[in-house]
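Everything on this sheet refers to the single structure shown next.
The values are calculated or read from the model by the stated rules, or taken from the named source; none is laboratory data. Predicted model, so just to flag it, every value in this text is computed and none were measured. Neighbour counts run over all protein chains shown; Cβ positions are idealised from the backbone, glycine included. Accessible surface is based on the protein model in full, side chains and every heavy atom, while ligands, DNA and RNA are left aside. Shrake-Rupley method; radii C 1.70, N 1.55, O 1.52, S 1.80 Å.
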Amino acid sequence: MVHPVKPDLRIFPDVESLSRAAAQGLMDRINATVLGGGRFYLALAGGNTPRVLYRVLAADYRHEIRWEQVHVFWGDERYVPPDDTRSNCHMARETLLEHVPVPAKNIHPMPTDYAEPEEAARAYERTLKNFFTGLWPRFNVVLLGLGSDGHTASLFPGSSALEEKERWVVEAKGPAEPRQRLTLTLPVLTHSDQIYFLVAGPDKAEALRRALADVPDSRNCPAAGLRLGRASVVWWADCAAATLVETPSPLGSADLRSTVTGGEDG
Ligand code: 6PG
């Protein structure tokens, strides 16, 4: 049994304006969550699109967000040293974390210094289990990008990582260098409270169309699979990426959400 839910697609003129809107939304969510003194669990995205959001947060939200109560994780990582410019952690430190007062002890990068990536994946799982005691971790917000092939994090079309139903973190292989990756698994992502997709540029138009298709094909478009869990998904897109998607009006594609999401969270 599924309940059709329209995708929460928000379209902006360009990556700068979508990033500014996403930053405002993130601030509202963080500050509302930590009001009672709680923690906020945020998973960062890699790649290039999030750079703009991170720079907006660093420039305009240094004092507007209660960063001291935010714990930062990553949705995926390239298996390169942390000082490698291709590292997602390196990019986030450079554009955001060196400019806002997130305590160093609250920053939890995926380790890339184990001889075997599988060992690193298991080590990150242990790190996550220091913060999340349930069957699945519950991130407050997971930031994600969308690849032009429909991948997200390091969950690539047709990959065995998409079949993982128990592990929280697995190693993965991307089609382009650096091929060796670590990634959160689909169940972890879908059990988060909220997902923010950041999608900009004409090269993402076909992937966004497929991600929002009426019947999600998560094997060939992993990003579509994130619509099938408990997470509420906001698609922050620019006009260039949204050219093939019907406007988010009653004519928009229905978003299917299973009422049975598995796991203790349901
Ligand atoms: C990565 C990301 C990856 C990225 C997409 C989109 O490590 O590169 O996890 O999933 O979000 O490939 O990348 P762009 O934002 O650079 O287009």
May I have the convex hull volume per residue, in Å³, for the Cα set of the chain?
-> 121 Å³
Give a residue-ordered list of calculated ³J(HN,Hα) values for segment 71-81 (Karplus: 6.51 cos²θ - 1.76 cosθ + 1.60, θ = phi - 60°; whole Hz; x for Gly, Pro).
-> 9, 10, 10, 10, x, 6, 8, 7, 7, 10, x
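Just the number, please: percent antiparallel of the DSSP beta bridges in the chain, rounded to the nearest 5.
Values: 13 of 37 bridges.
For the chain, the DSSP antiparallel bridge percentage is about 35.
Could you state the orientation-averaged shadow area of the convex hull built on the Cα atoms of segment 1-126, in nm² to one decimal?
Working: hull surface 41.2 nm².
For the Cα atoms of segment 1-126, the hull's average projected area reads 10.3 nm².
Could you please state how large a percent of the accessible area of the chain is carbon and sulfur, counting protein chains only and using a 1.4 Å probe?
Working: 5890 of 11230 Å².
Carbon and sulfur: 52 percent of the exposed surface of the chain.
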Selection from Leu35, Ile65, Gly201, by position along the positive dipole direction of the chain (Cβ) = Leu35
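What's the longest uninterrupted piece of the chain once you rule out the trypsin sites (Lys or Arg not before Pro) that are loop residues per DSSP with at most 15 other Cβ within 10 Å?
87-164
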Just the Cα atoms of segment 63-147, one point each, no solvent: what log10 I(q)/I(0) does Debye give at q = 0.10, 0.18, 0.23, 0.26 Å⁻¹?
-> -0.27, -0.90, -1.36, -1.49
In whole angstrom, note down how far apart the Cα centers of segment 190-247 and segment 91-147 are.
-> 23 Å
With -39,500 (n - 2.57) per DSSP H segment of 4 or more residues and division by the full residue count of the chain, the 222 nm estimate, nearest 500 deg cm²/dmol, is -7000 deg cm²/dmol
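Keeping all protein chains in place, calculate the accessible area per residue for segment 74-195 (probe 1.4 angstrom), answer in Å².
On the way: 4880 Å² over 122 residues.
Accessible surface, normalised per residue, equals 40 Å².
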Under 22 Å from the Cα of Lys6 - lysines, other chains or at least 8 residues apart | Lys204
Whole-Hz Karplus ³J(HN,Hα) for segment 93-104, in order, using 6.51 cos²θ - 1.76 cosθ + 1.60 and θ = phi - 60°, x for Gly and Pro?
-> 5, 5, 8, 10, 5, 7, 10, 10, x, 6, x, 3
In terms of modelled amide H atoms, which long-range or inter-chain residues lie less than 5 Å from the amide H of Ile195?
-> Val142, Ser232, Val233, Val234
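Can you give the charge dipole size of segment 1-149 about its Cα centre, rounded to the nearest 20 debye, using +1 on the beta carbon of Lys and Arg and -1 on the beta carbon of Asp and Glu?
Here segment 1-149 has a charge dipole of around 540 debye.
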